[in-house]
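Participant: Got a structure for you, written out below as structure tokens; questions coming shortly.
The values are calculated or read from the model by the stated rules, or taken from the named source; none is laboratory data. Everything numeric in this text was worked out from a predicted model, so none of it was measured. Positions of Cβ are generated from backbone atoms using ideal geometry, with glycine treated the same way; all protein chains shown enter the neighbour counts. The area values use the complete protein model at the heavy-atom level, side chains included, leaving out ligands, DNA and RNA. Shrake-Rupley method; radii C 1.70, N 1.55, O 1.52, S 1.80 Å.
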Amino acid sequence: MVSLHEADVVELLAFIDACPTPFHVVDRAAAMVRSAGFVPMDLGESWPDASGSCFVAHGGSLVAWRHRPEAPSFRIIGAHTDSPNLRITPRPDTGGFGYRQLGVEVYGSPLLNSWLDRDLGVAGRVATRWGTRLFSIDRPVLRVPQLAIHLDREVNQKGLLLNPQHHMAPVWGLGLPTPGEFAAVTAEAAGLDAGEVLAWDAMLHDLTPGTTAGPSGEFIFASRIDNQVSCWAGLQALLNDPIATEASPSAVLCLFDHEEVGSMSARGALSPLLPTVLERIAGGRDALLPMLARSLCVSADGAHATHPNYPERHEPGHHVFMGAGPVIKRNANQRYATDAVGEAAFVVACEQAGLDHQVYVHRGDMPCGSTIGPLTAATTGVTTVDVGVAQLSMHSAREMCATSDALDFARALGAFLRCS
Ligand code: ZN
């Protein structure tokens, strides 16, 4: 049985605070599994034997597994490492009217208003001639200042309109734009000389630490709950997965980058990463195919709790409550991959963990979001169930969920790995 306590919330919050980018998620996840004895594998090498506990890190994506040579199938947990945010352009040094500013692109679908008037740092990775290096500037070096109400008198009545090109460039200094300044600051943060930095994948992050909240600490307020709570819960499930019998499925955790922009990339859920790693784990295609037919996958991603101020936005027969357990997501049009077989498998996992579960359905008169579940199902052919932690403020720079749900989700995923 997975043993998770309130103290684990401290670790979850530390995980989120230490992971401002997908690259940092993978770096931290790799450190966690490595310290538990998982062996790093290189995608550029052949793998004569990938049984035992191993992992591969690939940019902002990671796959870790416990494979037993006689295992009949896989139990797979998928989640995503990226979150919507503002990303630094290749030629970022800009400005005007006495300010130095940075050019940004909007990544995914953030609530743009949530990035205004926050103390922002910048983090990511830089590429040099010899490889890449992570950096994170965790001081308030940036701010996207909101327009004063005196200059937009009807903003509260008509709503805040934000143009990504015109209104989201953060200020970071006074004076004239200085070409090369961002590269120099980034190089210093990475411990490099300015001339060594050839390119970057850099993005902004809110510096407010994650915290428990509410009179009894029943909430978590933090950045990137979508989807780092799922990454953390999946890691807990895998790391607490006991060495089982030869008849048990092999456990696989796959953390994908680029979900927020559709997963079409070299390391996203539409990439060959998971299918090819599974083939190499199985020891070849002939061994893999029958295993896949018997396998199950959980796609772990945030779920919408019913918002108390907007109950009319939710399907009245499928309200979802915080603190009421893991959420199974269904959509007849396969925006979520869940079918009856997958749903039943996760219900059994929740039962074995001693947990209640909930079922989410999007309103019929609103377009439904999607996640990696349908993509993983389509690339592997594995029966997949979309599940998640109920949250509010999804895609805000700062989101919220229930503390108990985050811990219960890790228990449910752990039970899913052990069911067969
Ligand atoms: Zn998500």
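Participant: What is the residue count in region 146-197 for residues that are touching a strand residue (DSSP E or B) at 6+ places or on another chain (Cβ under 7 Å), of a type in the set (D, E) and open to solvent by 60 Å² or more (accessible area, probe 1.4 Å)?
Facilitator: Residues in region 146-197 being touching a strand residue (DSSP E or B) at 6+ places or on another chain (Cβ under 7 Å), of a type in the set (D, E) and open to solvent by 60 Å² or more (accessible area, probe 1.4 Å): 0 in total.
Participant: So, in region 57-80, of the ones that are more than 26 Å from I225 (Cβ to Cβ) and part of a strand (DSSP E or B), which residue ends up farthest from the ligand (Cβ to nearest atom)?
Facilitator: Of the residues in region 57-80, the ones more than 26 Å from I225 (Cβ to Cβ) are 66-74.
Keeping just the survivors that are part of a strand (DSSP E or B) gives 66-67, 74.
Numbers: R66: 25, H67: 27, F74: 22 Å.
Across region 57-80, the extreme among qualifying residues is H67.
Participant: Let me ask something else. Considering each residue of region 217-262, count those that are open to solvent by 20 Å² or more (accessible area, probe 1.4 Å), aliphatic (A, V, I, L, M) and in contact with a helix residue (DSSP H, G or I) (Cβ under 8 Å, 6 or more places away or on another chain), and give that number.
Facilitator: 2
Participant: Name the single residue, out of those in region 302-314 being open to solvent by 10 Å² or more (accessible area, probe 1.4 Å) and under 17 Å from G388 (Cα atoms), that is nearest to the ligand (Cβ to nearest atom). Quick ask: steps written out before the conclusion?
Facilitator: Narrowing region 302-314 to residues open to solvent by 10 Å² or more (accessible area, probe 1.4 Å): 302, 304, 306-314.
Then keep just the ones that are under 17 Å from G388 (Cα atoms); that gives 302, 304, 306-307, 314.
Working: G302: 5, H304: 11, T306: 18, H307: 17, H314: 18 Å.
Out of the qualifying residues, it is G302.
Participant: Is there a residue in region 340-354 that is at positive phi and either more than 21 Å from the chain's Cα centre (by Cα) or surrounded by 23 or more Cβ atoms within 10 Å (Cβ to Cβ) (or both)? Before you say what the answer is, go through the steps one by one.
Facilitator: First, the residues of region 340-354 that are at positive phi: 354.
Keeping just the survivors that are either more than 21 Å from the chain's Cα centre (by Cα) or surrounded by 23 or more Cβ atoms within 10 Å (Cβ to Cβ) (or both) gives 354.
So far as region 340-354 goes, yes, one or more of its residues are at positive phi and either more than 21 Å from the chain's Cα centre (by Cα) or surrounded by 23 or more Cβ atoms within 10 Å (Cβ to Cβ) (or both).
Participant: To continue, here is another question. Just checking, how many residues over region 348-389 are more than 13 Å from the ligand (Cβ to nearest atom) and within 24 Å of L417 (Cβ to Cβ)? Steps first, please.
Facilitator: Going through region 348-389, the residues more than 13 Å from the ligand (Cβ to nearest atom) turn out to be 348-368, 374, 376-385.
So of that shortlist, the ones also within 24 Å of L417 (Cβ to Cβ) come out as 348-360, 374, 376-385.
Result for region 348-389: 24.
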